[in-house]
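Below is one structure, written out as structure tokens; comments come after it.
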Amino acid sequence: MLVELKVQNFAIIDNIHIQFGPGLNILSGETGAGKSVLLRSLALLMGAKGSVESIRAGQHQASVEGFFDLSGRKDLLARLDELGIEVEERMLIVRRVLSGEKSRVYLNGVLATLGTLRELVSPLVEVSSGFVPLIEMTGQHESRSLLQKSYHLDLLDQYTGSFDLRHIFDGKFAAWKDLQREIGEFEERAKTQAQRGDFLKYQRDEIVALQLSPGQDAEIESELKRMKNAAKLGGFLEMAEEILDGREYSLLQGLARVVSRAQELHSLDPGLSSRVEGFAEAKERIEQGLFELRAYGKNLEGDPQRMEELETRLSQLRKLQKKFGSRIEEILHHLQSIETELSQLENADEHLRELNTQAEKLRGDLHQLASQLHERRQNGAKLLADSVNDELRELNMKGVRFHVEIHRMDSLTSTGFSDVEFQTQPSLSSPKYALAKVASGGELSRILLSLKRVVGTGKYPRTYLFDEVDTGVSGQTAEKVGKKLHSIAQKQQVICVTHLPQVAAYGDIHFFIEKEAPASTKTSVSMNVRRLGKKERIEEIARLISGQKVTSTSRAHAEVLLKQAQA
């Protein structure tokens, strides 16, 4: 629901702030007061292209800001979450800024594109886009939805209760298209399969030949470093051997003498032995360490052949790391990917047969679903047309006939087999035409009004904006238009621009649009919109009845109209 509208420096608008409400919101005013300007500003919220020519004279930029209550619109709340746009208290703020440089779109303060705005606020196709419009506008400024054949199909499916079946069809159709794409890519790859297989086998053999294991490169580097520094390490071992167990005098010999002499003196003082126990332990640990050093020394001898083997292996490993990853784990992961792809290539024919079998089954399901959809649409087309024509007759369009043309196509499309188009017949003697060719803004509004009365307004709340819905009607017909608008407004927000008192009387809220004269020669004409109170509303409806001069008779008539409408 459109809760608020703020417009600044747009055409003749200086600064207006409108707070709309639920139900039927009426907009009225004198001819030339600026109703069309207000509608143009609303069109910007729906994604219409902006123009610098719309900026108020003497200003550098214009802005239009709409506040939408998204209660009941979990579809749009989910989409905004996907886009990373935060929503507080279920409120979406759409802001359009026009300047000499460029036009900008903001959604809750986040810079966005016109495409995203149109997707959220006013998508052309409800079912395939996945979103129901926030605003649906018809009239002289906006009638694109009703002129789109895809929208005709949506309305017919809604009328026949086919949306659930349509969603099943959409899901299977998307899966079928994905399979078709996968099959095409697979067949394209199959053309170079042999060459690709040879290349992968070469890479696999290159990796397998090295018999890699995690950490192997570090082990090779460590062994090479040890072998290259064998002389230094050997010198250390000789030094350690001489100090610890030399021929003339060594640490081990000294410790052995200390321990032996202490044992000889044990009889003189038993406590002495406990004092030298640490020396005995030290002697054992040194002997063990010396044993390990000697074992280490045996493996320290330089082996030129072994060193060459290690250097060759390390060089091969470095080449693999440049190709497939700096870590051995990455190379092994790449090997696994190669094995998987080789397995797929080796079983390509079987896999392709499986894909084609799946695609053929999906195609069969789609044909069955499309046939069911077409049958429902065909059965509902005449019923929908008859019901709409009944509504149109009540709206003083007795000579006009509404038709739902439906044909079965030979090939399957994203919506099935059905080609659906709404057409009108100006008179019984004239041929049928597409709505875009013959319907005026007022006629389109009344046709949409009739369709919404017959089809319903769907499960998601939205705002309907009717412009010129009352063109060419008066009297009882105008009253019926008001009743129908009020009926729709029980479930959805309706904003209606009208010049008929019978329609205005049914409004829940009434706004008056007026043009204000400039305060001085330095300022220009501006537009103002104000919400009418009870007495002001009587005066405005009386003006709509009698023109500029309000009389006691027109005022009394206005009171009667309001009383009847609110009864």
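Filtered by the rule that a residue be within 14 Å of L448 (Cβ to Cβ), among the basic types (K, R) and under 34 Å from the mean Cα position of the chain (by Cα), the range 465-500 gives no residues.
Residue by residue through the range 1-15, note down the ones that are of a type in the set (D, E, K, R) and farther than 21 Å from G32 by Cβ. Passing the criteria: E4, K6. The lone criterion from (1) without any contact (Cβ under 8 Å) to a residue 24 or more places away in the chain; (2) not in a loop (DSSP other than H, G, I, E, B) left unmet by A370 is number (1). When the residues of the range 517-549 are filtered to those that are in a helix (DSSP H, G or I), of a type outside the set (A, V, I, L, M) and surrounded by 13 or more Cβ atoms within 10 Å (Cβ to Cβ), the one that is modelled with the lowest pLDDT is S546.
Please enumerate the residues belonging to the range 4-40 that are in contact with a His (Cβ under 7 Å, 6 or more places away or on another chain) and β-branched (V, I, T). The answer is I26, and nothing else.
Among the residues of the range 142-151, are any in contact with a Leu (Cβ under 6 Å, 6 or more places away or on another chain), at pLDDT 85 or above and under 28 Å from N9 (Cβ atoms)? No, every residue in the range 142-151 fails to be in contact with a Leu (Cβ under 6 Å, 6 or more places away or on another chain), at pLDDT 85 or above and under 28 Å from N9 (Cβ atoms). Between H510, H499, the distinction of being closer than 28 Å to I55 by Cα, assigned by TED's automatic domain parsing to the domain that holds G472 and either assigned to a loop (DSSP other than H, G, I, E, B) or without any contact (Cβ under 8 Å) to a residue 40 or more places away in the chain (or both) belongs to H499 only. Within the range 1-46, the set of residues being farther than 14 Å from E65 by Cβ, surrounded by fewer than 22 Cβ atoms within 10 Å (Cβ to Cβ) and in contact with a Gly (Cβ under 9 Å, 6 or more places away or on another chain) comprises M1, A11, I12, G23, K35, L39. For the range 79-91, the candidate set comprises residues that are within 12 Å of L120 (Cβ to Cβ) and touching a residue at least 40 places away in the same chain (Cβ under 8 Å); within that set, the residue that is surrounded by the fewest Cβ atoms within 10 Å (Cβ to Cβ) is R79. Looking across the range 414-446, the residues that are modelled with pLDDT of 80 or more and of a type in the set (S, T, N, Q) come down to S414, T415, S418, Q423, T424, Q425, S427, S429, S430. Looking across the range 392-436, just one residue is in a strand (DSSP E or B) and at positive phi, and that is G416. Of all residues in the range 95-114, those satisfying the criterion of being assigned to a strand (DSSP E or B) and of a type in the set (S, T, Y) are S99, S103, Y106. Taken residue by residue, the range 36-49 has at least one member that is under 21 Å from E4 (Cβ atoms), outside any strand (DSSP E or B) and in contact with a Lys or Arg (Cβ under 6 Å, 6 or more places away or on another chain). Scanning the range 147-160 for residues that are in a loop (DSSP other than H, G, I, E, B) and either free of Cβ contacts under 8 Å to residues at least 12 places away in the same chain or among the basic types (K, R) (or both) yields a count of 0.
The values are calculated or read from the model by the stated rules, or taken from the named source; none is laboratory data. Computed from a predicted model, the values in this text were never measured in an experiment. So basically every Cβ, Gly included, is an ideal-geometry build from the backbone, and we count neighbours across all protein chains shown.
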